[in-house]
Amino acid sequence: MPYLTAPEALADLLPDEPRFRSNQLEHWLYRTPVLDASLMTNLPGHIRERIGEALWPFSVEVDQTADGGKTRKWLFRTGDGASIETVLMGYPRRTTLCISSQAGCAMGCSFCATGQFGFERHLRAGEIVAQVAYAAASLRAAPITGVPPRVTNVVFMGMGEPLANPGGVFEAIRRMIDVMGISARAITVSTVGHVPGIYRLADTPWSVNLAVSLHAADDALRTRLVPLNERYDIGAVVEAASHYFAVKGRRISLEWALIAGTNDTEDQARKLAAIARGLAAHINVIALNPTPLSADRPPDAATIRSFMRTLRDEGANATLRDTRGQDIDAACGQLRIRSAASEQRERAQEADHATDEG
Ligand code: SF4
């Protein structure tokens, strides 16, 4: 499994080959990824065959496109059955890849499809970085019109709390920056408020962007939406984010999924604006992408407008983000829910069938 081997140890996979072969392999895995080892043209046939059998640490279970081909979503499945969701969003000047850091998630946020499924396991560094390589290889194989032909930005906003998996995530970031050549400024780690993880990230050598998923501006509401708030309250999260900003000089962003009747009030907007001003942070608001397992819904357009107006009137920098790929369940964990639901249906049908036959 080449991606499960650190780039520096690739020579171990080719013990009988000259050293330059592992450099060539590193090139094809990380710098110019290809979907199929047969395309690694300067490697001899016997090496391509050996690599080809286990090039990717997962198989592709679902591959969907939306938004006129500009959004692409994959559900990968590892050998041990863990699911990994990855979403590619193409824009005129950037291609943002949203990757997963864990299979499932232990944080249990009330509005999130992944949170409702619970935790499977941490993803290994190679499984994280392979998501980036796979998307890059797919873009090269089938470029999207009007979109850069490479992954320009990576956001840890897929399944999982990245800072709960520092071993996998920090090593994946190292490979992205040092080996794949992705700029630290183009990588964003998004946390739901894992305070010790924020301090550990501040101690790493990389000045990646930090996004804090706040979703509520007082502790009572936040604990209801984001149970981790009980352990690390808003004050502690803001202090850690402020430390990160001081150490790295990278502006913090605050993420806010707007939920009808919950966190869409003027009072919440005012409190959020005050937190953002104190941190010199930018606020990204996104209307909730509803999930089949929760009754939470996004607010209507007038409420969203009024929330944004209050933020700006209160002197905060805020952007309303578009919701990509709703027709393919592009929100975190949703494809997996769909897949699990269809599996359940299939099992039920099989059981029906067996009863009919029996
Ligand atoms: S929102 Fe993020 S941290 Fe919360 S349950 Fe979902 S994946 Fe986990």
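Read the figures in this text as sums done on the coordinates, not as results from a lab. None of these values were measured; they are calculated from a predicted model. Please note: Cβ atoms are built from the backbone with ideal geometry, for glycine as well, and neighbour counts cover all protein chains shown.
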Q. Given a cut-off of under 8 Å on Cα pairs at least six residues apart, what relative contact order in percent is computed for the chain?
A. 14
Q) Expressed in whole Å with the largest first, what are the equivalent ellipsoid semi-axes of the range 1-112 derived from the C-alpha gyration tensor as the square root of 5 times each eigenvalue? A) 31, 18, 13
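Using unit Cβ charges (K, R positive; D, E negative) and no other charged atoms, how large, in debye to the nearest 20, is the dipole of the range 1-55 about its Cα centre? Provide the component values of the computation, followed by the final result.
Working: 5 positive and 8 negative charges, 32 e Å.
Dipole about the Cα centre, nearest 20: 160 debye.
Could you pull out every whole DSSP H run in the chain that spans at least 15 Å of Cα extent along its own axis and averages 0.0 or higher on the Kyte-Doolittle scale? Working shown, then result.
Numbers: long enough: 125-141 (24 Å, 0.90); 234-248 (21 Å, 0.93); 266-279 (20 Å, -0.32); 301-313 (18 Å, -0.20); 334-357 (34 Å, -1.57).
Span-like helices here: 125-141, 234-248.
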Q: Give the relative contact order (percent, whole number) for the range 1-55; include only Cα pairs under 8 Å separated by 6+ residues.
A: 36
Q. Along the charge dipole of the chain, which of S242, C112, I173 sits closest to the positive end, that is, farthest toward it, with unit charges on the beta carbon of Lys, Arg, Asp and Glu (+1, +1, -1, -1)?
A. S242
Q: Would you compute, from DSSP H runs of 4+ residues alone, the mean residue ellipticity of the chain at 222 nm, taking -39500 (n - 2.57) per run and dividing by the full residue count, rounded to the nearest 500?
A: -11000 deg cm²/dmol
Q: Would you grab the residues whose amide H sits under 5 Å from the one on L254? Only those 5+ places off in sequence or on another chain, please, with H modelled 1.01 Å from N.
A: V212, H282, I283, N284
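What does the net charge come to around A216 if you take all other residues with beta carbon closer than 12 Å to its beta carbon, with K and R at +1 and D and E at -1? Intermediate results must be reported in sequence, preceding the final value.
Values: positive: R222, R224, K271; negative: D218, D219, D233, E255, D264, D267.
That works out to -3.
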Q | Size of charge dipole - the chain - debye, nearest 20, with Cβ of Lys, Arg +1 and Asp, Glu -1, no other charges | A | 1460
Q) Residue-wise, which Karplus ³J(HN,Hα) couplings in Hz belong to the range 65-71, taking 6.51 cos²θ - 1.76 cosθ + 1.60, θ = phi - 60°, and x for glycine or proline? A) 10, 8, 6, x, x, 7, 10
(Q) Cut-off is 10 Å between beta-carbons; in what order do E266, E53 appear when sorted fewest neighbours first? (A) E53, E266
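Rg to Rh for the range 57-349: what is it, with Cα atoms only and Rh by Kirkwood? Before the final figure, lay out each step's value.
Details: Rg = 18.2 Å, Rh = 19.3 Å.
Ratio of gyration radius to Kirkwood radius: 0.94.
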Q: Whole Å is fine, so just give me how far the alpha carbon centre of the range 107-157 lies from that of the range 288-308.
A: 24
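Could you tell me what percent of the DSSP beta bridges with both partners in the chain are antiparallel, to the nearest 5? Kindly include the intermediate steps, with their values, before the conclusion.
On the way: 22 of 46 bridges.
Close to 50 percent.
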